[in-house]
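Visitor: Take this structure, written in structure tokens, and hold onto it; I'll ask about it next.
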Amino acid sequence: MHAAIRKLGVPVIIGGLVLSLTVIASVQLKSASRRHLEASLQSDANQVANHLQQSLNACSRLLRGVQSAYESTPNTGVTLFSHYAPGLFSDSGCTGSTSLSFVPMILPEQRDSFIQAQHQAGNQDFTIRPSGNRSLYAPVLFSTASVGALAIPSGTDLFTEPAEQAILAGSRDSGVAMLSDKILVGGADNLKIPGFALAAPLFAMGSPHAGMDERRSNLMGWAVLTLSANEWFHAAIGEDTPKLDVSILAGKDATEDARIFSTSAWKSEKSDLQQSRTLRLNDQNWFVTLTPTADYLESHRLSHPALTGLFGLALTILAGGLYIALQRRQENIRAKTEAMEAALQESDERWRFALEGGDDGVWSWNVSTRQVEYSPRCDAILGVPTNGAVTARIHSDDKAPERAAMQACLDGRSPLYISEHRMLGEDGKWRWISTRGMVVARTPDGQPQRMIGTLTDITERRTAAERLSTLGQHDELTGLPNRTLFFSVLQHTLNVAKRNKALLALLYVDVDRLKAINDSFGRMTANKLLREVGEVLRKSVRDSDVVGHFGGDDFVILLPSISNEADVQIVTDKIREAMKRDFAISNRQINVTVSIGVMIFPLHARTAESMVNSAMRAVRAAKAAGRNAVHIGAPPAQPATQPDEQAARRRIAS
């Protein structure tokens, strides 16, 4: 009987052991499967948030490009916007955008004159809609739309809509781009679709806007970018979208009103596997929730519990072998989970940094070992061979501010390292580079251990801004300073002369009988003659003197430093002598003379406007005297006080 019990007991013990091991293995496998699922879910959630953040950064860079254009050229208003914005709009990489608009700020007392000015400019149907009296108007004056989208109608007052009003006022007070809550934007077939907007304030070149009061006083208007939420999301994520339900909220409250976008029907309940991420633009936050779908859960399941049970029953006789096999399987699962967790940690770092800037080229710096690693994209941006980015050199003029920005980040005085500087690659070309970085690891005592960052090639943007600035300040025909730049130089020189009680002279030079040459030989010949005359005038004066062209046959010369009237006479004689020559133009020999009107500060005039106006009257007097003559103007209508005038006459006579 005891033997029978022993015979019966052995299978029972073995069966019980196998069953116990099977249950334990099933529980452990389920736990490992859960960890694997959570690690995969967190990695995919980081990837989605990373792509969305990069797209927001691209849209923000688009608006910063428009701001830079306005701050770097004296030409302002809708003309600059209509020429500059469409190209920037199409090349910005801001996916899902529907329209980019110029919106001026109009005060109530400016409304009627603003509307009248649009009518006079040819926009006869322009009006501000809706009508009515308001404390501020923000009508759309120009809007460019992407293919298939609907531009915002001209005259639409964005300040009447609460969401748009909030971002216009917020961007004005903060000085940076702002995100809106959910709005309806123009889509295909004139349909209104859910979306959102970004607005950035615009300030004219030289207008101070460091503080909020200055920004409110000197605001010119806004650049407003509207986006379709659905198109923006799918363009940013791409075709390989994880099988996740994604919702984007403009606030922490999970309500329908706060929802900017959702990939499925709106659900307010929260899953225990739901992931949350934050998108940031300046000081604003959007909140992204990501929930796995049934397909996602199935595709990431490591094993099915029923298979584990069948596997244990099949190995009832081999209890020891089952235990060893399960142990090995557990080790494999643990190794896979650890690899996923390591990838997750690196993904977390990339995602956190993506919140602060774009990701064109990536670099990583081990501060302790001084070793820097660059991505292949960095090599392409800097124009160096593979793994050669470390050999690029910073321009000597940019090195000090770049080092200061880096040290501030290393010391913890600034959370970010941001620098725009020129770098020279092995191809011998200088490039403008925007560099951003942040410290991601420090020692227990606060010393930096590791930095990561990005490189962006901004050469085209800087070159475009410089070209716009040059075109706005020089005459296109002669290359000489135009009226705007010349007046600026004249005003500055007058201020210096007033402080130093010095003399300066303004010469207004008119080319005699230019109209007859234009009528006889054509406009092309006349333009070539004007370029030749401008070159003769430039060579007839000192390097410190300024020659400008106001258009047509009118040239101006500023002599910023003279001792007396005799100095002026020397220059006018030199100019008239230089004009005694044959100009070989279009196979013709052309002779011309010039008439010159002279104004001397402070004897004849004391302001830039009166200097130029008086010089124009003086040159007309010279032409009336028979042309090829010089006329020195009389004192202005409001003469200086007697002591000042006597002192000026003594300086001229000396």
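The values are calculated or read from the model by the stated rules, or taken from the named source; none is laboratory data. In this text, all values refer to a predicted model and were calculated from it rather than measured experimentally. FYI the Cβ positions are ideal-geometry reconstructions off the backbone, even for glycines, and counts take in every protein chain you see. Please note that ligands, DNA and RNA were not included when accessible areas were found on the heavy atoms of the full protein model with its side chains. Shrake-Rupley method; radii C 1.70, N 1.55, O 1.52, S 1.80 Å.
Visitor: Calculate, for the stretch 578-637, the solvent-accessible area per residue in square angstrom, rolling a 1.4 angstrom probe over the heavy atoms of the protein chains. Numbers along the way, then the final one.
Guide: Numbers: 2750 Å² over 60 residues.
Per-residue value: 46 Å².
Visitor: Report the net charge of residues surrounding Thr478, where surrounding means a beta-carbon distance below 10 angstrom and charges are Lys +1, Arg +1, Asp -1, Glu -1. List each step's numbers first, then the result.
Guide: Working: positive: Arg531, Arg538; negative: Asp475, Glu476, Glu532, Glu535.
Cβ neighbours under 10 Å give a net charge of -2.
Visitor: For the stretch 201-218 and the stretch 557-571, what is the centre-to-centre distance using only Cα atoms, to the nearest Å?
Guide: Cα centroid of the stretch 201-218 versus Cα centroid of the stretch 557-571: 40 Å apart.
Visitor: Here is a further query. Going by average Cβ density within 10 Å per residue, which order do the peptides 158-171, 590-603 take, highest to lowest?
Guide: Values: 158-171: 18.8, 590-603: 22.4.
Highest-to-lowest ranking by the protection proxy: 590-603, 158-171.
Visitor: Provide the FRET efficiency to the nearest 0.05 for the Ala166-Lys515 pair, computing r from the beta carbons and using R0 = 60 Å.
Guide: Working: r = 58 Å, r/R0 = 0.96.
Approximately 0.55, to the nearest 0.05.
Visitor: Got a number for carbon plus sulfur as a percent of the stretch 95-156's accessible area, 1.4 Å probe? If you can, show how the numbers build up before the last one.
Guide: On the way: 1600 of 3010 Å².
Carbon plus sulfur share of accessible area: 53 percent.
Visitor: Shifting gears a bit: So what does Thr79 come to for accessible area, using a 1.4 Å probe and Å² rounded to 10?
Guide: Approximately 90 Å² for this residue.
Visitor: To the nearest 10 Å², what's Tyr417's accessible area with a 1.4 Å probe?
Guide: Tyr417 exposes around 10 Å² with every protein chain in place.
Visitor: Please arrange His36, His631, His83 by accessible surface area, largest first, computed with a 1.4 Å probe and ligands excluded. Write out the running numbers ahead of the final one.
Guide: Numbers: His36 20, His631 75, His83 150 Å².
Output order, biggest surface exposure first: His83, His631, His36.
Visitor: First compute the accessible area of the stretch 551-608 with a 1.4 Å probe, then give the percent of it belonging to carbon and sulfur atoms.
Guide: On the way: 1070 of 2400 Å².
Taking all protein chains in place, the stretch 551-608 shows 44 percent carbon and sulfur surface.
Visitor: Report ³J(HN,Hα) in whole Hz for each residue of the stretch 475-490, in order, from the Karplus equation J = 6.51 cos²θ - 1.76 cosθ + 1.60 where θ = phi - 60°; Gly and Pro get x.
Guide: 5, 5, 6, 9, x, 7, x, 8, 4, 4, 5, 5, 4, 4, 5, 4
Visitor: Given 0.36 nm per residue, what is the gain on full extension from Leu107 to Lys498 after removing their alpha carbon distance, in nm?
Guide: Values: separation 391, 0.36 × 391 = 140.76 nm, distance 3.73 nm.
Here the answer is 137.0 nm.
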